[in-house]
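For reference, the structure is listed below as structure tokens.
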């Protein structure tokens, strides 16, 4: 082989080596972490829904994100929202197939999202200590409440009353709940519960307001002057409520770090579900998320870091499925019109 041909071969070898190493780097440095997974077969298989539409036709993906909150439009469950710690707000109008990044928002961690139940163009989001509102379907935003900047407390929950949609409630990490009767134009202190606010809910059937803190569940009539603690629940559980799910006020599920409690009689009695968490490995198998099918409350799901558990009989027994995902689950949602469709919101570990 002459010198010229040898030089050509060596050059080609170097090029191949560079591309081979580049491929290895792409494999070892994983960026496809976090995002939204969708199942169309009750959790048997999952597909990551990560395409982000961009008006400049720049290819973007909903990945490598710390998702804080996943929300659904109560009027139109095809419209889904994702709030992140550092990459802003995303919305999908086609059941999560494609996503749009919402611009014109201040930097910060989005902790709560709530859509007005009768005006879908009105959306509230909590960013750190501030409450922002859009009245024109995410085009422009205004700040309607800013908390004292000297405190470390942040917004943890937003609720828009379905009976009185002009009433907006905001819960904070220090246990305060503030209330507006005019869609956020002015505010008053409803009550301080002294512990982080986890959930606010209105029962249409009983006209009760429920407020869950990280250590108990309270309720009040429409006057909201006296609040009653659910003593039966207080006797049973550890003080680490992560989420509370309601089907009106009869059926309630309470998710703690290690247990799930269920009532089917408005809290008169509670049942602790028998779960399949491995003994002695709670640090690796903490409960991450909980859901039920709106069409059939006997269909339950709970999720740990790497496993999906499903029950078809209200938690008497469970089916398990391995979650081949990158990241940690923070929420699971069953589509109301088709219980075969499930969403998993995943954040970076």
**Prompt:** Got a number for residues in segment 237-250 being outside any loop (DSSP other than H, G, I, E, B) and farther than 20 Å from residue 71 by Cβ?
**Reply:** 0
**Request:** Report yes if residue 163 is under 23 Å from residue 74 (Cα atoms) and either free of Cβ contacts under 8 Å to residues at least 24 places away in the same chain or not in a strand (DSSP E or B) (or both), otherwise no.
**Result:** yes
**Asked** What are the residues in segment 283-306 that are over 21 Å from residue 334 (Cβ atoms) and either loosely packed, with under 13 Cβ neighbours inside 10 Å or modelled with pLDDT of 95 or more (or both), if any?
**Response** 283, 284
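Let's see how each residue does on (1) in a strand (DSSP E or B); (2) on the phi < 0 side of the Ramachandran plot:
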site	(1), (2)
252	yes, yes
267	no, no
277	no, yes
291	yes, yes
297	yes, yes
300	yes, yes
310	yes, yes
331	yes, yes
349	no, yes
**Message:** Residue under question is residue 314, and the condition is that it be in a loop (DSSP other than H, G, I, E, B), closer than 30 Å to residue 220 by Cβ, touching a strand residue (DSSP E or B) at 6+ places or on another chain (Cβ under 9 Å) and modelled with pLDDT under 95; does it hold?
**Reply:** no
**Request:** Could you look through segment 78-106, keep only residues that are part of a loop (DSSP other than H, G, I, E, B) and under 23 Å from residue 183 (Cβ atoms), and pick out the one that is modelled with the highest pLDDT?
**Result:** 79
**Prompt:** Is at least one residue of segment 107-120 at pLDDT below 95, touching a strand residue (DSSP E or B) at 6+ places or on another chain (Cβ under 8 Å), outside any strand (DSSP E or B) and crowded, with 21+ Cβ neighbours inside 10 Å?
**Reply:** no
**Request:** Filter segment 327-340 for residues that are buried (at least 18 other Cβ atoms within 10 Å of the Cβ) and either closer than 21 Å to residue 32 by Cα or more than 16 Å from the chain's Cα centre (by Cα) (or both) and give the result.
**Result:** 327, 328, 329, 330, 331, 332
**Asked** Out of curiosity, is residue 128 touching a residue at least 12 places away in the same chain (Cβ under 8 Å), under 20 Å from the mean Cα position of the chain (by Cα) and surrounded by fewer than 19 Cβ atoms within 10 Å (Cβ to Cβ)?
**Response** yes
**Prompt:** Quick check, is residue 200 buried (at least 18 other Cβ atoms within 10 Å of the Cβ) and either at pLDDT 95 or above or under 23 Å from residue 163 (Cβ atoms) (or both)?
**Reply:** yes
**Request:** Would you check if residue 143 is in a strand (DSSP E or B), modelled with pLDDT of 95 or more and out of contact with any helix residue (DSSP H, G or I) (no Cβ under 7 Å at 6 or more places or on another chain)?
**Result:** yes
**Message:** On the basis of being outside any strand (DSSP E or B) and in contact with a strand residue (DSSP E or B) (Cβ under 7 Å, 6 or more places away or on another chain), does residue 190 make the cut?
**Reply:** no
**Item:** Residue that is modelled with pLDDT under 90 and either closer than 23 Å to residue 188 by Cβ or in contact with a strand residue (DSSP E or B) (Cβ under 7 Å, 6 or more places away or on another chain) (or both), where the choices are 255, 233, 245, 217
**Value:** 233
**Message:** Six or more apart or on different chains, Cβ atoms under 7 Å: show the pairs whose first residue is in segment 96-108 and in contact (Cβ under 8 Å) with a residue 24 or more places away in the chain and whose second is in a loop (DSSP other than H, G, I, E, B) and surrounded by 13 or more Cβ atoms within 10 Å (Cβ to Cβ).
**Reply:** 99/62; 101/88; 102/88; 102/138; 104/141; 105/88; 105/141
**Request:** Hey, could you check segment 146-160 for residues that are crowded, with 19+ Cβ neighbours inside 10 Å and part of a strand (DSSP E or B) and say which is farthest from the chain's Cα centre (by Cα)?
**Result:** 160
**Request:** Scan (1) within 24 Å of residue 201 (Cα to Cα); (2) crowded, with 16+ Cβ neighbours inside 10 Å for the single condition residue 258 breaks and write down its number.
**Result:** (2)
**Message:** Going by what's in this entry, would residue 43 be described as under 24 Å from residue 349 (Cβ atoms), within 17 Å of the chain's Cα centre (by Cα) and either modelled with pLDDT of 95 or more or not in a strand (DSSP E or B) (or both)?
**Reply:** no
**Request:** Inspect segment 134-143 for any residue being closer than 21 Å to residue 105 by Cβ, in contact with a strand residue (DSSP E or B) (Cβ under 6 Å, 6 or more places away or on another chain) and surrounded by fewer than 17 Cβ atoms within 10 Å (Cβ to Cβ) and give the result as yes or no.
**Result:** yes
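The values are calculated or read from the model by the stated rules, or taken from the named source; none is laboratory data. Bear in mind that the values here come from a model prediction, so they are computed numbers and not experimental data. Positions of Cβ are backbone-derived with ideal geometry, glycine not excepted, and every protein chain shown enters the neighbour counts.
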